[in-house]
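As C-alpha cells, the structure follows; a few thoughts come after it.
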Amino acid sequence: MTAEAIGQTLIYGITIGSLYGLAAVGLSLIFGVMSYLNVAHGTLLMLGAYASYWLFSLYGVDPFLSIPVVMMTVFLVGLILYVLVFSTLAKLETDSRIKNSLLISFGLMLVLDNLAILFWTADERTVTTFYSGAVLEFLGLRLPYVRLSGLALAVMGILALHLLLTKTYFGKSVRAASIDWEAATLMGIKVNKTYLFSFAISSALAALCGTLFCLSYAVTPTIGEAWSIKALIVVVLAGMGRIGGVFFAGLLLGVVESVSVFFVGASYQEVVGLVIFVLVLMFKPQGLFTMKV
Amino acid sequence: MLEIHAIDVFYGDLQALWGVSLNVQQGEIVSLVGPNGAGKSTLMKTVSGLLRPATGSIIFDGIRLDRVPAYEIVEMGICMVPEGGRLFSSMSVVENLELGAFNIEARKERFEALERVYEIFPVIKARKNQMAGTLSGGEQQMLAIGRALMSQPKLLLLDEISLGLAPLLVQSIFRVIKMINDSKQISLLLVEQNVRMALELGGRGYIIETGRIVGHDEAQRLLESEKVKKAYLGLGEVQGEN
C-alpha cells in the first residue's frame with residue numbers, strides 16, 4: 001500500500017460518498033417532513049440517470065448541460081407520484097405513514113424498475129463524452145474531472161437545499177410542518193402543499209444525483225434498488241437532524257467502502273455498508289450525527 | 001363577530017360537544033371556563049378548523065367557518081394560541097414569529113408586526129436568535145402569544161395560557177392580554193382552568209361542563225354567583241355539590 005494508493009482510494013471514496021450524501025438528503029427530507037419512508041427514492045435517481053443518458057445518446061446533449069431539464073422533469077414526476085400515490089397517506093398518524101409508505105413505495109419501485117427494463121432493456125448504458133477520461137494530475141494522484149465536478153455539484157445541491165430550508169419563507173414553513181403539522185396549520189401554513197413540494201424537491205435532488213452518477217458509472221434499471229439501500233444506510237448513519245450531518249455520513253460511507261477494498265476485497269465492498277448499518281442500529285440507533293433539540 | 005350555533009363535535013364515535021352555542025362581539029373578552037375534559041379545547045380546535053362540527057354552524061363576520069380549511073381561517077383573522085404553546089422548538093425565536101405572519105396579508109406587514117410584538121414582550125426581543133425550545137416556560141408562552149399576534153388577528157383564541165406557570169408570571173401574562181384587548185381591535189376568546197383570573201379580565205363568561213354550556217353571564221356576575229364560588233373558586237360553605 002503506497003501513499004498514492006491510499007490517497008487515490010480516499011479521493012474515490014469522497015467523490016462517490018458525496019453522491020451517497022446527495023441521494024440520502026432527499027430521502028431524509030421527506031422522512032423528516034412527512035414521515036414517509038420512500039424506498040423508491042433510488043428509482044427516481046435511476047430515472048434521472050436514464051433521462052441524462054437518453055438526452056446524451058439521442059440528441060447529443062451534454063449531461064452537465066441537461067441537468068436543469070432532467071431535474072425539472074423528475075420534479076414533475078415527483079409531483080405526479082405524490083398526488084396519485086402518496087397524498088392519501090397524509091391523513092394517517094405518523095406510525096402508519098411509515099409502514100404504509102414503505103409498502104407503497106416498495107411496490108412502486110418494483111413497477112417502475114420493471115417498466116424501465118421493459119422499455120429500455122437491462123443493458124448497461126454508459127455516457128462517454130470527450131472529457132470522460134480526462135484527469136487532473138495532482139501530487140501523483142489522478143483525479144478524473146467528471147468525479148471532481150460531481151463532488152462540486154453534489155455539494156452545491158445540498159447547499160442549495162440548506163439555503164432553501166433556512167432562508168426562504170417556504171423552507172421555514174416546511175421545517176415548521178415537520179416539527180408540528182398541527183401548529184403549522186394554525187399558523188396558516190398549507191401543510192399538504194409543503195408535503196407536495198418537499199417530495200418533488202427530493203425527487204429533483206435524486207435526479208441530480210442520477211445525472212452525476214451516469215457520468216462515471218454504468219446505468220441499468222436496477223441501480224434504483226441499490227441506491228435506495230445506500231441512501232437508507234446513510235440516513236441511519238446520520239440520524240435525523242441537520243442536512244450537513246447527512247452529507248458527512250454519505251462521505252463516511254463512501255470512504256469506508258473504498259478503504260475496505262484493501263481489507264476485504266472488492267467483492268465484499270457492498271457488505272461493509274450493510275454491516276455498518278446493522279452495527280449503528282444495534283449500538284447507536286439515534287445515528288452518529290444527530291442534533292440535540 | 002363570531003357566532004357558534006348549536007354545534008355537536010365528535011372524536012370518532014365519541015361526542016365531545018353537545019349543542020354548544022356561544023358568541024363573541026367585536027372587541028369583547030369572552031372566557032370559557034370549566035373542569036378538565038369538559039370540551040373547552042375541543043371548542044377551540046373546532047373554531048380554528050382542526051375539528052369539524054357534525055351539526056350546527058360557526059359564522060365569523062358573515063362567513064361559514066366550518067366549511068373553510070384551517071389555513072384560511074387564519075387569513076380571515078382568527079388565530080389560536082394552542083395549549084402548551086406548541087412552538088417550533090428547534091427553530092429560532094425570530095423564525096417562530098415570522099411563521100406567525102405566514103398568511104399573505106400578514107406577511108406584507110410583518111416587520112411592523114415584529115416591532116409591535118417586541119414592544120409588548122421586550123424579553124422576546126432579547127432572545128430573538130435563541131432556539132425557541134431553550135426559552136423558559138413563561139417566555140415560551142409569551143412567544144406563543146407573540147407568534148399568534150403576528151398573524152394580525154381580529155379574534156385571538158387562547159387555550160390554557162396560564163397552565164403550568166408560576167402565579168407571578170400568570171399575572172403578568174394576563175396583564176398583557178388585557179393590554180392586547182385595550183384598543184378593542186382584537187377580541188379574545190379564552191379557555192381557562194384559572195377561573196378567577198379569567199373572569200377578572202371582565203367581559204362575559206360561559207361555563208361548560210361535560211360538553212354542554214351550563215351557564216352564561218357577565219363575568220362579574222359569574223364571579224359573584226354562588227354556583228361559581230362553590231364549584232370553581234373554592235369559596236362555598238359546602239365542598240362540591242353532588
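The values are calculated or read from the model by the stated rules, or taken from the named source; none is laboratory data. Note that the structure is predicted; figures quoted are calculated from it, not measured. With ideal geometry, Cβ positions are generated from the backbone for all residues, glycine too; neighbour counts draw on all protein chains shown. Surface areas here come from the heavy atoms of the whole protein model, side chains and all, with no ligands, DNA or RNA. Shrake-Rupley method; radii C 1.70, N 1.55, O 1.52, S 1.80 Å.
How many partner chain Cβ atoms sit within 10 Å of a residue's Cβ in peptide B:81-92, on average, as a whole number?
Numbers: counts 1, 4, 0, 1, 1, 7, 4, 10, 3, 7, 5, 2.
Mean partner-chain Cβ count within 10 Å for B:81-92: 4.
For chain B, return all DSSP H helices satisfying: extent of Cα atoms along own axis at least 30 Å; mean Kyte-Doolittle hydropathy at least 0.5.
On the way: long enough: none.
The qualifying helices: there are none.
Modelling each spin label as a point 7 Å along the Cα-to-Cβ direction, I'd like the A:Phe106/B:Val68 distance in nm, to one decimal.
The two pseudo-label positions are separated by 4.5 nm.
Which angle between 0 and 90 degrees, to the nearest 10, do you get for helix A:63-81 versus the longest principal axis of chain A when only C-alpha atoms count?
30
I'd like to know how the protein assembly as shown sits against the 2.2 N^0.38 Å rule of thumb: what's its Cα Rg over that expected value?
Numbers: Rg = 28.4 Å, N = 535, 2.2 N^0.38 = 23.9 Å.
Relative to the 2.2 N^0.38 Å estimate, the protein assembly as shown comes out at 1.19.
Tell me, what is the percent relative contact order of chain B, built from C-alpha pairs under 8 Å that lie six or more residues apart?
Values: 470 pairs, mean separation 63.8, N = 242.
Result for chain B is 26 percent.
Which percent of the accessible area of chain B is formed by carbon and sulfur heavy atoms (probe 1.4 angstrom)? Mind showing how you got there, number by number?
Values: 5430 of 10640 Å².
C and S fraction of accessible area: 51 percent.
Mind giving me the FRET efficiency for A:Leu84 and B:Tyr11? R0 is 22 Å, r the Cβ-Cβ distance, nearest 0.05 is fine. Could the numbers behind the result be given before it?
Numbers: r = 31 Å, r/R0 = 1.39.
Efficiency at R0 = 22 Å is approximately 0.10.
Calculate for chain B the 222 nm mean residue ellipticity that helices alone would give, adding -39,500 (n - 2.57) per DSSP H run of length 4 or more and normalising by residue count, nearest 500 deg cm²/dmol. Walk me through the numbers before you get to the answer.
Values: 11 runs with 91 residues, N = 242.
Mean residue ellipticity, 222 nm, calculated: -10000 deg cm²/dmol.
Using a 1.4 Å probe on the protein chains only, how many percent of the accessible area of chain A belongs to carbon and sulfur?
Of all accessible area on chain A, carbon and sulfur atoms account for 72 percent.
With every protein chain left in place and a probe of 1.4 Å, what is the accessible surface of A:Leu163, to the nearest 10 Å²?
Result for A:Leu163: roughly 90 Å² accessible.
Past the 21 Å Cα-Cα mark, which pairs from A:Lys91/A:Lys193; A:Lys91/B:Lys40; A:Lys172/B:Lys108; B:Lys40/B:Lys128; A:Lys190/B:Lys45?
Working: A:Lys91/A:Lys193 14 Å; A:Lys91/B:Lys40 25 Å; A:Lys172/B:Lys108 17 Å; B:Lys40/B:Lys128 32 Å; A:Lys190/B:Lys45 17 Å.
Beyond 21 Å between Cα atoms: A:Lys91/B:Lys40; B:Lys40/B:Lys128.
How big is the charge dipole of region A:3-283 about its Cα centre, in debye rounded to the nearest 20, if each Lys and Arg gets +1 on its Cβ and each Asp and Glu gets -1 on its Cβ? It would help to have the intermediate numbers written out before the result.
Values: 13 positive and 13 negative charges, 151 e Å.
Here region A:3-283 has a charge dipole of around 720 debye.
Please list the non-local residues whose amide H lies under 5 Å from the amide H of B:Ser187, H modeled 1.01 Å from N, same-chain partners needing a gap of 5 or more.
B:Gly27, B:Leu155, B:Leu156
I need the phi-derived Karplus couplings for region B:217-222: 6.51 cos²θ - 1.76 cosθ + 1.60, θ = phi - 60°, integer Hz, Gly and Pro marked x.
Whole-Hz 3J(HN,Hα) from phi for region B:217-222: 6, 4, 4, 4, 5, 5.
If one takes the longest principal axis of the Cα atoms in chain A, at what angle in degrees, from 0 to 90 and to the nearest 10, does the Cα axis of helix A:191-216 lie?
10
Which is the longest part of chain A that has none of the GluC sites (Glu not before Pro) sitting in a DSSP loop with at most 13 other Cβ atoms within 10 Å? Intermediate values should be presented prior to the final figure.
Details: sites that count: A:Glu93, A:Glu124.
No qualifying site falls inside A:125-293, the longest such stretch.
Apply the Debye scattering formula to chain B, with a single equal point scatterer on each alpha-carbon and no solvent, then give log10 I(q)/I(0) at q = 0.08, 0.09, 0.11 Å⁻¹.
-0.29, -0.37, -0.56
Of the beta bridges DSSP finds with both residues in region B:87-242, what % are antiparallel, to the nearest 5?
For region B:87-242, the DSSP antiparallel bridge percentage is about 60.
When the helices in chain A are scored as -39500 (n - 2.57) per DSSP H run of 4 or longer and the sum is shared across all residues, what 222 nm value do you end up with, to the nearest 500 deg cm²/dmol?
Numbers: 11 runs with 216 residues, N = 293.
Taken over chain A, the calculation gives -25500 deg cm²/dmol.
So what does B:Met80 come to for accessible area, using a 1.4 Å probe and Å² rounded to 10?
Solvent-accessible area, nearest 10 Å²: 10 Å².
What percent do you get for the relative contact order of region A:1-113 when only Cα pairs under 8 Å and 6+ apart count? Please report the intermediate quantities before stating the final value.
On the way: 63 pairs, mean separation 37.0, N = 113.
The normalised contact order for region A:1-113 reaches 33 percent.
Kindly sort A:Phe283, A:Phe262 by accessible area of their heavy atoms, largest first, with the probe set to 1.4 Å.
Numbers: A:Phe283 155, A:Phe262 80 Å².
The most accessible residue leads, giving A:Phe283, A:Phe262.
If amide H atoms are built 1.01 Å from N in the plane of the peptide, which residues on other chains or at least 5 residues away come under 5 Å of the amide H of B:Ser31?
B:Leu190, B:Arg204, B:Gly205, B:Tyr206
Taking each residue of A:172-185 in turn, how many C-beta atoms of other protein chains fall within 10 Å of its C-beta, and what is the average? Walk me through the numbers on the way to the answer.
Numbers: counts 8, 3, 0, 5, 8, 2, 2, 8, 5, 0, 6, 11, 6, 9.
Neighbouring Cβ atoms belonging to other protein chains average 5 per residue here.
Tell me, what is the per residue accessible area of region A:3-283 in Å², probe radius 1.4 Å? Walk me through the numbers before you get to the answer.
Details: 12030 Å² over 281 residues.
On a per-residue basis, 43 Å².
Let me know the charge dipole size of the protein assembly as shown about its Cα centre in debye, to the nearest 20, where only the beta-carbon of Lys, Arg (+1) and Asp, Glu (-1) is charged.
On the way: 40 positive and 42 negative charges, 107 e Å.
Dipole about the Cα centre, nearest 20: 520 debye.
Once the dipole of chain B is set up with Lys and Arg at +1 and Asp and Glu at -1 on Cβ about the Cα centre, which of B:Leu22, B:Gln130, B:Met80 lies farthest towards its positive end?
Value: B:Gln130.
Lys/Arg Cβ at +1, Asp/Glu Cβ at -1, dipole of the protein assembly as shown taken about the Cα centre: which of A:Ser267, A:Ile117, A:Gly224 is farthest positive-ward?
Towards the positive end, the residue furthest out is A:Ser267.
Against the longest alpha carbon principal axis of chain A, how many degrees, from 0 to 90 and to the nearest 10, is the axis of helix A:169-179 turned?
Long axis of A:169-179 versus the principal axis of chain A: about 80 degrees.
In whole Å, largest first, what are the principal axis extents of the Cα atoms in region A:3-283?
Its Cα atoms span 59, 47, 35 Å along the three principal axes.
Loop-only chymotrypsin sites (Phe, Trp or Tyr not before Pro) in region A:100-134, please: DSSP not H, G, I, E or B, and at most 15 other Cβ atoms within 10 Å. Don't jump to the answer; show the numbers that get you there.
On the way: sites: A:Phe106, A:Phe119, A:Trp120, A:Phe130, A:Tyr131; in loops: A:Phe130, A:Tyr131.
The qualifying sites are A:Phe130, A:Tyr131.
So if I take the centroid of the Cα atoms in region A:137-155 and the same for region B:192-226, what is the distance between those two points in Å?
Taking the Cα centre of each part, region A:137-155 and region B:192-226 sit 72 Å apart.
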